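Encoded as structure tokens, the structure appears first; notes follow it.
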Amino acid sequence: MRLEGNVALVTGAGSGIGRAIAEAYAREGARLAICDLDEAAARTTASAIEEAGGEAVAIAMDVTDEAAVNAGVDETANRFGRIDTMVSNAGIQIVHPIEDFPYDEFRKVVDIHLGGAFLLTRACVRHMYPRRSGSLIYMGSVHSHEPSPLKSAYVAAKHGMLGLCRVMAREGGRHGVRSNIICPGFVKTPLVERQIPEQARDLGISQEEVVEKVMLGRTVDGEFTTLEDVADIAVFLASFRSSALTGQSIIPSHGWYMG
């Protein structure tokens, strides 16, 4: 039970990568705040954790709403007495060629990924710093390091999250708080599956070519990264015992990007 006694808050935990991380944390003994814009989905994840013998609370949270983020983080700390681990995972994807990219959609992607990470970090460290311990974990992407066509908003946001992570390693270090970012390759979640027909349309290729050439063409084995791959790394980062590992980008991508 590597996370026994650990209190973790995970955004976007109603489905996909966030839910996989939350459930992995619960299996390792953590108590969870399941945060999601979709409150029903958050409740479903929390109920599944409790039915398996864990402890979790569902919190409706729009990560672009400063008051909602502060309230959700404070609710977590009040309920469990502390916050040990933050996972900033909430995100969306919108793809367009830049000449056709509506500015409001560009801002929406950046606000959710990067703005949400900022608001969540600020709220969480206010509880972590007095205890002189904590782990900040950001859900980046291979696109935190590498660009792809049609993804100006997503790539800009993910690059920004890498920068925020590194700043927090510097700022948080003197308070005993670590900061790291997970940068997966393509994980076959609904978020990625929705991109396949969109990219096929915008690139003028088949959906099969999007998967084989765009998403997996640079991997060493033609395989998607799995939810379990990402969750295992999230457990490792939350349970790491010192600041020897901070400010780092860990990239489970089947070789899509080698940093």
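Per the conditions (1) within 20 Å of L162 (Cβ to Cβ); (2) part of a helix (DSSP H, G or I), the sole criterion not satisfied by I49 is (1). Tell me, which residue of region 210-237 that is within 19 Å of P147 (Cβ to Cβ) and among the charged types (D, E, K, R) is nearest to the chain's Cα centre (by Cα)? By that ranking, first place goes to R218.
For (1) touching a helix residue (DSSP H, G or I) at 6+ places or on another chain (Cβ under 6 Å); (2) among the β-branched types (V, I, T); (3) more than 20 Å from S15 (Cα to Cα), each residue gets a yes or a no:
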site: A67; (1), (2), (3): no, no, yes
site: A71; (1), (2), (3): no, no, yes
site: T76; (1), (2), (3): no, yes, no
site: R79; (1), (2), (3): no, no, yes
site: S88; (1), (2), (3): yes, no, no
site: E99; (1), (2), (3): no, no, yes
site: Y103; (1), (2), (3): no, no, yes
site: F106; (1), (2), (3): yes, no, yes
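Checked against the criterion of being without any contact (Cβ under 8 Å) to a residue 60 or more places away in the chain, hydrophobic (A, V, I, L, M, F, W, C) and touching a strand residue (DSSP E or B) at 6+ places or on another chain (Cβ under 6 Å), the candidates I181, I233, I205 yield just one match: I233.
To keep it simple, each residue is scored yes or no on (1) touching a residue at least 40 places away in the same chain (Cβ under 8 Å); (2) within 24 Å of T226 (Cα to Cα); (3) buried (at least 24 other Cβ atoms within 10 Å of the Cβ); (4) not assigned by TED's automatic domain parsing to the domain that holds V230.
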site	(1), (2), (3), (4)
V73	yes, no, yes, no
R82	yes, no, no, no
N89	yes, yes, yes, no
V95	yes, yes, no, no
D100	no, no, no, no
S133	yes, no, no, no
G140	yes, yes, yes, no
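Here's a check for you: in region 156-177, which residue that is over 16 Å from the mean Cα position of the chain (by Cα) and touching a residue at least 60 places away in the same chain (Cβ under 8 Å) is nearest to I250 (Cα to Cα)? Checking each candidate, the answer is A169.
Just to be sure, is A30 in contact (Cβ under 8 Å) with a residue 12 or more places away in the chain, within 16 Å of L136 (Cβ to Cβ), assigned by TED's automatic domain parsing to the domain that holds C124 and more than 16 Å from the chain's Cα centre (by Cα)? Yes: the conditions hold for A30. Return a yes/no flag: does region 208-225 have any residue that is among the small types (G, A, S), at positive phi and surrounded by 15 or more Cβ atoms within 10 Å (Cβ to Cβ). So far as region 208-225 goes, no, none of its residues is among the small types (G, A, S), at positive phi and surrounded by 15 or more Cβ atoms within 10 Å (Cβ to Cβ).
The values are calculated or read from the model by the stated rules, or taken from the named source; none is laboratory data. These figures come from a predicted structure and were not determined experimentally. Positions of Cβ are backbone-derived with ideal geometry, glycine not excepted, and every protein chain shown enters the neighbour counts.
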